[in-house]
Amino acid sequence: MLLANMQFEPIFIREQMNIKWHCENGITENIQKIIDEYRIQRKLTPIKICILGPPASGKTTISKQLAQVYKLHHLQIKDVIEDTKNELEQLVKRDGESEQNEEEADDQDVDETLAERIEEARSILEKLEEVRRDSKDARLDDDILTQLFKIKLMSPSCQNQGYILDGYPKTLDQAQSLFGASGEEEEEDAEDKKPPVNERIIPEHVIILDASNEFLRQRIMHLPEKVVAGTHNTELEFKRRLKIYNELGDDSHPGKFFEDVDRPGETIKIDDDRSINHRNIVEKIMERVKEPHNYGPTPEEQEHTKRKELNEKEKREREEREERERDEQEAANDRMKKQKDWTAKLEQIKREEFEMLDAQSTPLRNYLMAHVMPTLTKALIECCQVRPEDPVDFVAEYLFKNNPQV
């Protein structure tokens with residue numbers, strides 16, 4: 001085997017060799033592209049779902065079940081604010097520590113990108129602090145909230161695994177601000193008639209829950225006091241939220257954004273659903289999403305599921321066997337009871353028939369004993385003594401001659 005150790009300058013390889021470059025600037029700057037190719041090749045595409053609907057329609061109940069089935073990150077407004085705030089604080093903290101220990105910069109481009117992220121994090125944290133100082137219960141404006149959601153949706157966990165948005169965006173403007181494309185993406189899609197979108201974070205499946213106001217009011221009224229206390233499901237808060245939702249109309253509803261970008265949501269009525277925890281609706285959504293195509297269960301979870309299915313199968317077979325034996329025993333007891341009843345009825349019928357025949361034959365016996373048997377007995381005795389050749393004619397002749405009534 002002939003080996004050759006040849007050294008080339010990078011500029012020679014780039015200019016002289018006919019190589020089609022996919023990541024010309026190296027792995028570091030193209031890591032996202034490599035990750036995307038890896039996921040596509042192994043069909044590990046994230047599942048992205050958005051659940052919308054009026055207050056008290058069951059968005060959180062349904063979202064929790066779907067998140068558990070598909071291993072998704074359940075994103076609620078309060079949790080997103082807290083989690084993203086903590087991540088930004090950690091980023092700024094690490095930057096402060098690195099500034100103290102930094103001696104040299106190895107990659108200027110990476111430092112510039114990181115510096116932009118840190119600057120954005122500081123800006124958002126300052127705005128959050130201003131809102132907190134103004135009022136502890138103050139609501140964040142849409143711009144800050146959209147920034148926090150964008151950061152969360154662009155995080156590796158949501159990009160790799162997927163997410164389920166619970167009740168956000170609430171308006172058309174929030175949907176456009178969150179999922180609409182900007183900058184270079186908007187220029188690339190400028191020729192398209194559809195509004196440009198950020199394909200990396202926009203949901204694949206949009207579910208819009210729908211219910212009548214009366215149904216929602218009745219649901220809130222029947223909630224236990226301990227469940228309602230301290231939440232936004234109190235009577236006054238619910239009325240306020242429901243009024244805001246109803247005032248949106250079709251033109252300001254976030255569902256209109258998804259219709260405009262040819263990703264219409266599926267509207268599901270919940271008024272007639274009587275299943276526990278809206279299980280029927282969850283199964284309907286699962287039929288739309290189909291089988292998981294992100295990161296599946298771990299070997300331990302698969303073993304647990306297999307063991308659970310085996311136990312359920314054994315339990316079901318045991319119950320079916322016990323039920324079958326119980327049915328057979330009941331059938332045997334029923335047959336035995338019917339046999340006894342039939343025998344008793346037959347004995348009763350025989351007894352009644354005998355008594356009836358006996359009652360009917362009493363006058364006849366009395367008549368024969370009084371008028372026929374005395375003369376007939378003598379005729380038979382005489383016939384036995386004489387033994388004529390024709391006994392019947394003899395008996396008849398005897399009866400005729402000795403008839404007491406003649």
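Quick note: the coordinates plus some simple rules give every number you see, no bench work behind them. All of these numbers come straight from a predicted model, not from anything done at the bench. Here the Cβ positions follow ideal geometry from the backbone for every residue, glycine too, while neighbour counts run over all protein chains shown.
Some notes on this structure:
- Sequence of T231, T146 once ranked by neighbouring C-beta atoms within 10 Å, starting from the fewest: T231, T146
- Helical mean residue ellipticity (222 nm; -39500 (n - 2.57) per DSSP H run of 4+; nearest 500) of the chain: -20500 deg cm²/dmol
- Other residues whose C-beta falls under 15 angstrom from the C-beta of R219 contribute a net charge of -2, scoring Lys and Arg +1 and Asp and Glu -1.
- In the chain, a dipole from Cβ-located charges (positive for Lys and Arg, negative for Asp and Glu) runs towards its positive end, and of Y367, L44, L125 it is Y367 whose Cα lies farthest in that direction.
- Label corresponding to Cα Rg over 2.2 N^0.38 Å when calculated from the structure given, among (i) 0.92; (ii) 1.20; (iii) 2.19: (iii)
- Of H293, H304, the sequence from fewest to most neighbouring Cβ atoms within 10 angstrom is H304, H293.
- When the C-alpha to C-alpha distance is required to be over 20 Å, the pairs from K48/K239; K85/K127; K152/K194 that qualify are K48/K239; K152/K194.
- Restriction of the chymotrypsin sites (Phe, Trp or Tyr not before Pro) in the range 281-355 to DSSP coil positions whose beta-carbon has at most 16 other beta-carbons within 10 angstrom yields Y295.
- In the chain, the sites counted are GluC sites (Glu not before Pro) in DSSP loop states with at most 14 other Cβ atoms within 10 Å, and the longest stretch holding none of them, exclusive of the sites, is 205-388.
- For the chain, the longest site-free run once trypsin sites (Lys or Arg not before Pro) in DSSP loop states with at most 13 other Cβ atoms within 10 Å are removed: 291-406
- 0 to 90° range, to nearest 10: angle between helix 373-386 axis and the chain longest Cα axis: 70
- For the chain: relative contact order, % (alpha-carbon pairs under 8 angstrom, 6 or more apart): 22
- 0 to 90° range, to nearest 10: angle between helix 299-367 axis and the chain longest Cα axis: 20
- Largest mean-square fluctuation among D271, D327, D141, in a Gaussian network model of the chain whose springs join Cα atoms under 10 Å apart, belongs to D327.
- GNM top mover of N86, N280, N333 - the chain, alpha-carbon springs below 10 Å: N333
- Building the convex hull from the alpha-carbon atoms of the range 303-401 and averaging its projection over directions returns 12.9 nm².
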